[in-house]
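The values are calculated or read from the model by the stated rules, or taken from the named source; none is laboratory data. Remember, predicted model here, so these are calculated numbers, not experimental data. Cβ atoms come from the backbone with ideal geometry, glycine included; neighbour counts cover every protein chain shown.
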Amino acid sequence: MKHRLAAILAAFAAAVALLATGGATVAAAAPDPTQQKIDRILAQAPGGTQTSKNTIAWQNGDVVMTLPTGKNATAAPAPCPDGRFCLYEAANFGGRSVSFRDRLCDNRVVNLTAFNFNDVTSSWANNTDFDVDVWAAIGLGGARLFQMFSFTESMGLTRNINDQASSLNCY
């Protein structure tokens, strides 16, 4: 009887302790890797706003970054929408993408550092009526790496220009 009463009291004390700590002994949920990437990108490229679980928008949605989710982190997040031109982190339109609305095509200079997308472009699509020049250095500096003619795409850049895009302009 003494052992049974002692066991009941021990169980009661454990339950009270668990309630008092708010269940702190329960393991914390694993951090979401997509959210961790979003947080890192926003820290490195200020001015953006997280608009969904896997997207960030800058300049009132004129620039949108989409991150792949799930187990296949290199899968293409989505096709490049009409009225936008897109850069992709991996070949075959895979990995992160950043899309630019065609209303940015007023000869302005777009530096990819502003969107944490410097030197990572491996494929692209242009679904606009405008042509886009892509440059090796910020501020349209260095060599012009390639041109994205209207309604064209490239599943992969050649080795000598892969992962080198730093700025662009469209016209």
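What to note about this one:
- Close pairs from region 43-55: first in contact (Cβ under 8 Å) with a residue 60 or more places away in the chain, partner surrounded by 13 or more Cβ atoms within 10 Å (Cβ to Cβ) and not in a strand (DSSP E or B), Cβ under 6 Å, at least 6 apart: Q44/N116; A45/F115; A45/N116; G48/L42
- Listed by position, the strands (runs of 3 or more DSSP E) inside region 94-168 whose residues that are within 27 Å of G47 (Cβ to Cβ) number at least 3 are 94-101, 123-126, 132-137, 141-148.
- Qualifying residue in region 152-162 (condition: among the polar types (S, T, N, Q) and modelled with pLDDT under 95): no
- Close contacts from region 149-160, counting a first residue that is within 16 Å of P79 (Cα to Cα) and among the small types (G, A, S) and a second that is assigned to a loop (DSSP other than H, G, I, E, B) and at pLDDT 95 or above, with Cβ to Cβ under 8 Å and a gap of 6+ residues or different chains, come to S150/T128; S150/D129; S150/F130; S150/D131; G156/S122; G156/N162.
- Subset of region 31-54 that is of a type in the set (D, E, K, R) and not in a loop (DSSP other than H, G, I, E, B) - its residue that is surrounded by the most Cβ atoms within 10 Å (Cβ to Cβ): K37
- Filtering region 83-122 to residues that are of a type outside the set (A, V, I, L, M), touching a Leu at 6+ places or on another chain (Cβ under 7 Å) and closer than 17 Å to T152 by Cα leaves S97, T121, S122.
- Unmet criterion (only one of (1) crowded, with 19+ Cβ neighbours inside 10 Å; (2) more than 23 Å from L42 (Cβ to Cβ); (3) out of contact with any helix residue (DSSP H, G or I) (no Cβ under 6 Å at 6 or more places or on another chain)) for L87: (2)
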